[in-house]
Amino acid sequence: MALSVDDVARLARLSRIELTDQECADLAPELEVILDSVAQVSGVADEDVPPTSHAVPLTNVMRADEVRPSMGVEAALSGAPAAEQDRFRVPQILGEDA
């Protein structure tokens, strides 16, 4: 697929990218290579090839969730500058009602 400098300039305008004439001339052959590569890949993918998100199968490597003892409320709030109703007290933001 041959791209002209005018094609690249039009694509640039549609993308709202400002390119000089020289940049359009430089990008035309590069974009042509990209479009040819996409066409090649599209030609290989057929109805017998299922769509996939990864080339190899993936498995979850995270451990299972398990309940374990954690820090108590008193210990967590012990270093807080202010606490209220077992929570950190922070300055009011965005004019919220207290």
Give me the accessible area per residue for the chain, probe 1.4 Å, as a whole number in Å².
96 Å²
Between Ala83 and residues 5 or more places away or on another chain, the pairs with built amide H atoms under 5 Å apart involve Arg89
Packing rank of 34-41, 56-63, where each peptide gets the mean count of other beta carbons within 10 Å, highest leading
34-41, 56-63
Packing-based ranking, highest mean first, of 80-91, 8-19 given that Cβ atoms within 10 Å are counted
8-19, 80-91
Hydrodynamic radius (Kirkwood) for segment 1-49, which is based on Cα pairs only, to one decimal in Å:
11.9 Å
I need the phi-derived Karplus couplings for segment 23-40: 6.51 cos²θ - 1.76 cosθ + 1.60, θ = phi - 60°, integer Hz, Gly and Pro marked x.
5, 4, 5, 6, 7, 4, x, 5, 5, 4, 4, 5, 5, 5, 5, 5, 5, 4
Considering the alpha-carbon set of the chain alone, what are its Rg and its Dmax in angstrom?
29.2, 71
Expressed as an acute angle from 0 to 90° and rounded to the nearest 10, what is the orientation of the C-alpha long axis of helix 5-14 relative to the principal long axis of the chain?
30 degrees
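The values are calculated or read from the model by the stated rules, or taken from the named source; none is laboratory data. The model shown is predicted, which means the values in this text are computed figures rather than measured ones. Cβ atoms come from the backbone with ideal geometry, glycine included; neighbour counts cover every protein chain shown. Calculation scope for accessible area: heavy atoms of the full protein, side chains included, ligands and nucleic acids excluded. Shrake-Rupley method; radii C 1.70, N 1.55, O 1.52, S 1.80 Å.
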